Amino acid sequence: MNTSSQVYLALGDSMSIDDYTQVDGGGAVAQFHRYLGEDWTLIDRTADGAQMQDVPLDLQGDVITLTIGGNDLLWNRETYVRDGIQSFLWEHERLLKNLRGANPDALMIIGDIYHPDAQLTERELELLKTVNRGIRAHCMAIAAEHAPIFETFRGHEKEYLCLNIEPNLRGAEAIAQLFRQCWEKYHPHASAH
């Protein structure tokens with residue numbers, strides 16, 4: 001098998017990028033790409049501030065990671081608190097189904113959304129938990145791996161986040177570790193590079 005044709009497609013928001021780690025190559029995507037090894041081509045379409053509508057649907061990868069939804073929740077918070085979270089869940093489900101349709105054989109790894117290092121109202125916290133339950137269900141529906149970022153960060157927000165909401169280097173390491181764990185389920189003899 002010619003492994004040089006393998007593509008790692010990284011999609012999503014600042015949960016995946018280097019910017020807030022203060023290290024070149026410190027983001028979760030860069031760390032996971034190094035782990036996969038030099039035979040993998042990286043297509044990195046992650047961006048600070050990205051929302052679900054910004055995720056490109058015309059790209060293919062053998063492994064796809066997606067961290068998305070936090071900015072949607074942040075920018076539309078008042079609407080979701082007032083009207084409920086169903087429109088977010090529908091849009092997220094549609095996004096995942098479209099990604100799976102374009103990548104029927106890819107290993108897809110989908111992150112959920114952590115609690116910020118800030119106070120949430122009871123209503124906001126309940127909405128976040130509902131969103132993350134939805135993300136897990138959407139992963140199951142399209143045979144994608146769920147990366148439990150919320151659970152991993154819980155109780156470590158001050159340690160893993162900067163500016164209240166961005167993953168620092170420790171946070172990026174934790175997300176990359178989740179990506180690796182999902183990969184290793186399918187490649188149990190994979191060795192770290």
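The values are calculated or read from the model by the stated rules, or taken from the named source; none is laboratory data. On a predicted model such as this, the values are computed, not experimentally measured, just so you know. Virtual Cβ from ideal backbone geometry, glycine too; neighbours counted across all protein chains shown. Side chains included, ligands, DNA and RNA excluded: accessible areas come from the protein's heavy atoms. Shrake-Rupley method; radii C 1.70, N 1.55, O 1.52, S 1.80 Å.
When restricted to residues that are part of a loop (DSSP other than H, G, I, E, B), aliphatic (A, V, I, L, M) and within 29 Å of residue 102 (Cβ to Cβ), the range 171-193 contains 1.
Selection within the range 1-13: residues that are outside any helix (DSSP H, G or I) and open to solvent by 10 Å² or more (accessible area, probe 1.4 Å). The member of this set that is modelled with the lowest pLDDT is 1.
Within the range 152-170, being open to solvent by 70 Å² or more (accessible area, probe 1.4 Å), over 21 Å from residue 181 (Cβ atoms) and assigned to a loop (DSSP other than H, G, I, E, B) holds for 163, 164. Residues considered: 147, 118. Of these, the only one that is among the small types (Gly, Ala, Ser) and at pLDDT 95 or above is 147. Scanning the range 40-90 for residues that are touching a Lys or Arg at 6+ places or on another chain (Cβ under 8 Å) and either closer than 26 Å to residue 125 by Cβ or not aliphatic (A, V, I, L, M) (or both) gives 55, 56, 81.
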